[in-house]
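**Student:** To start, I am sharing the structure in question, which I have written as structure tokens.
The values are calculated or read from the model by the stated rules, or taken from the named source; none is laboratory data. The model shown is predicted, which means the values in this text are computed figures rather than measured ones. In this analysis, Cβ positions are derived from the backbone assuming ideal geometry, glycine residues included, and neighbour counts consider all displayed protein chains. Remember, those area values only see protein heavy atoms, side chains included, never the ligands or the DNA or RNA. Shrake-Rupley method; radii C 1.70, N 1.55, O 1.52, S 1.80 Å.
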Amino acid sequence: MPRLPLPRVPKVSVVVASYNGDRTLKACLDSLTKLNYPDYEVILVDDGSTDTTPQLAQQFRWAASDIPSRPETEPTQLVISTEHGRFRYFRHSTNLGLSVARNTGIAAAAGEIVAFTDSDCRADEDWLNYLVSDLLASEFAGIGGPNLLPPDDSAVAAAVMVSPGGPAHVMLTDREAEHIPGCNMAFWKSALTEIGGFDPLFTKAGDDVDICWRLQQAGMKIGFSPAAFVWHHRRSNVRAYLRQQRGYGEAEALLVRKHPEYFNSFGDSVWRGRIYTPAKLGILLGCSIIYRGVFGSAPFQTIYASEPAVMLMLLTTLEYHILITLPLAVLSVTFPYLLPVALASALASLSVCLAAGVQAALPRRKRRWWSRPLVALLFLLQPVARGFARYQNRLALRLAGDAARESLDSVALRDSPGGLNEVR
């Protein structure tokens, strides 16, 4: 594919933060050697992996340097140049978390633009070309793109893709985004530096949500480039998927504490934009209608898509099970006439999950006889696992007490000419 004509070619630093990601890391790095972009570097940050990541990096003929546990300590770097450009490998001696690993990459970046992808992703050859082209042609401080299921991924991964809780972009308009997933995003380095980089508070997930909200709070905008895609492996088994969702629940507990204005009373995020995800956000109660005109006379047919019933998904939430189904089941021991009501409540939740499994848009080549039952099971388990982790960590944070957090008021006081004991 020919490259897009660029008015100029800013240097890009591609940062890959990895922790025990050796299963897919080699394919990720191989894809980054084939990018159709003339001036970029790749920075691999090994966040204290205990797998074969260090050996894999050495086999890739990179220069390795150990980074001390304290990220603020300036590391000693060894750099090599290859036929594919400038590659650098850093290693944290202990696992410090995703945000710290990404901040290490930002600090080491020589590029004017810093792009991020994950070790379980493979970048399209024109990925950087499209990201940079749209950044240069807009006023966006950052930009992201789609993440697609690799053609060689498993049937289980395909079921996970159409299940809830996957990485998704949230769009305000056709081009402006409210959120872009961390597996495919790029920012002007100056914008990241202005807001202080990623918050080390987020060690597993939530770092991308936090960075997007903070950029927008600073008056910047985030864009979306539909052509700049990466292939993103989904979790290959149910246990790994639920572990990921528990990590997302933990991150939500941290986000709701730092950004309470973006959440409702149940701790669920409230987006201004529209979420674009392969998973259905509700179930369809009616079919789409194609209007072909009187006796098929319309030169251009109109499609009236049926809106999904999002409210029915409340029947699958942890709150519904705890506040409705469980009390009914307990009371039915004393009042047997409530048993049919309790069973009906449980059956309603199960029916919604089964309907979601039936309506899931599974890739044709990845369908198995068990695919739709698996999707239904994941729709049933995901809200429970994620919700439990969210409440558990919110309780733990509350018991630990409120830590001092920097706010706009504290920044204004810190930078003001007067003393901190003066209130204006």
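Yes or no, residue by residue, for (1) at pLDDT 75 or above; (2) in a loop (DSSP other than H, G, I, E, B); (3) touching an Asp or Glu at 6+ places or on another chain (Cβ under 8 Å); (4) open to solvent by less than 70 Å² (accessible area, probe 1.4 Å):
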{"site": "S306", "(1), (2), (3), (4)": "no, yes, no, yes"}
{"site": "M313", "(1), (2), (3), (4)": "yes, no, no, yes"}
{"site": "L326", "(1), (2), (3), (4)": "yes, no, no, no"}
{"site": "L331", "(1), (2), (3), (4)": "yes, no, no, no"}
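**Student:** With the requirement that a residue be open to solvent by less than 10 Å² (accessible area, probe 1.4 Å) and hydroxyl-bearing (S, T, Y), what does the range 129-184 give you?
**Tutor:** The answer is S163, and nothing else.
**Student:** If a residue has to be closer than 13 Å to S236 by Cα and under 18 Å from the mean Cα position of the chain (by Cα) to count, how many in the range 147-161 make the cut?
**Tutor:** So the answer is 7.
**Student:** Which residue, of R414, R424, R394, R405, is modelled with pLDDT under 95, surrounded by fewer than 17 Cβ atoms within 10 Å (Cβ to Cβ) and closer than 20 Å to F263 by Cα?
**Tutor:** The match here is R405.
**Student:** Now, a different point. Condition test on V12, is it modelled with pLDDT of 95 or more and in contact with a Cys (Cβ under 7 Å, 6 or more places away or on another chain)?
**Tutor:** The answer is no for V12.
**Student:** Inspect the range 356-377 for any residue being out of contact with any His (no Cβ under 8 Å at 6 or more places or on another chain) and farther than 18 Å from A158 by Cβ and give the result as yes or no.
**Tutor:** The answer is no; no qualifying residue exists.
**Student:** Need at least 1 residues that are within 20 Å of A360 (Cα to Cα) per element, so show me which strands (runs of 3 or more DSSP E) inside the range 145-261 make the cut, counting only ones lying wholly within it.
**Tutor:** Hits in the range 145-261: 169-171, 230-232.
**Student:** For the range 110-128, which positions are crowded, with 24+ Cβ neighbours inside 10 Å, in contact with a Lys or Arg (Cβ under 9 Å, 6 or more places away or on another chain) and within 15 Å of Y19 (Cα to Cα)?
**Tutor:** F116, S119
**Student:** Residues of the range 202-233 being open to solvent by less than 20 Å² (accessible area, probe 1.4 Å), of a type outside the set (F, W, Y) and more than 12 Å from the chain's Cα centre (by Cα), which ones?
**Tutor:** Those that are open to solvent by less than 20 Å² (accessible area, probe 1.4 Å), of a type outside the set (F, W, Y) and more than 12 Å from the chain's Cα centre (by Cα): L215, I222, G223, S225, A228, V230.
**Student:** OK, next. Search the range 282-306 for residues that are on the phi > 0 side of the Ramachandran plot and pair each with any residue that is open to solvent by 70 Å² or more (accessible area, probe 1.4 Å) and not aromatic (F, W, Y) when their beta-carbon atoms are under 9 Å apart and the residues are at least 6 apart or on different chains.
**Tutor:** G293/P299; G293/Q301
**Student:** Answer yes or no: is there a residue in the range 353-363 that is in contact (Cβ under 8 Å) with a residue 24 or more places away in the chain and open to solvent by 80 Å² or more (accessible area, probe 1.4 Å).
**Tutor:** Scanning the range 353-363, I find no residue that is in contact (Cβ under 8 Å) with a residue 24 or more places away in the chain and open to solvent by 80 Å² or more (accessible area, probe 1.4 Å), so the answer is no.
**Student:** So, R23, is that one modelled with pLDDT of 90 or more, among the basic types (K, R) and open to solvent by less than 40 Å² (accessible area, probe 1.4 Å) or not?
**Tutor:** So R23 fails the test.
**Student:** Kindly provide the set of residues from the range 289-304 that are open to solvent by 100 Å² or more (accessible area, probe 1.4 Å) and in a helix (DSSP H, G or I), ordered by number.
**Tutor:** Scanning the range 289-304 gives a single hit, F295.
**Student:** Can you tell me which condition G286 does not meet? The list is (1) part of a loop (DSSP other than H, G, I, E, B); (2) in contact with a Ser or Thr (Cβ under 8 Å, 6 or more places away or on another chain); (3) within 25 Å of F187 (Cα to Cα), and all the others hold.
**Tutor:** Of everything listed in (1) part of a loop (DSSP other than H, G, I, E, B); (2) in contact with a Ser or Thr (Cβ under 8 Å, 6 or more places away or on another chain); (3) within 25 Å of F187 (Cα to Cα), G286 misses just condition (3).
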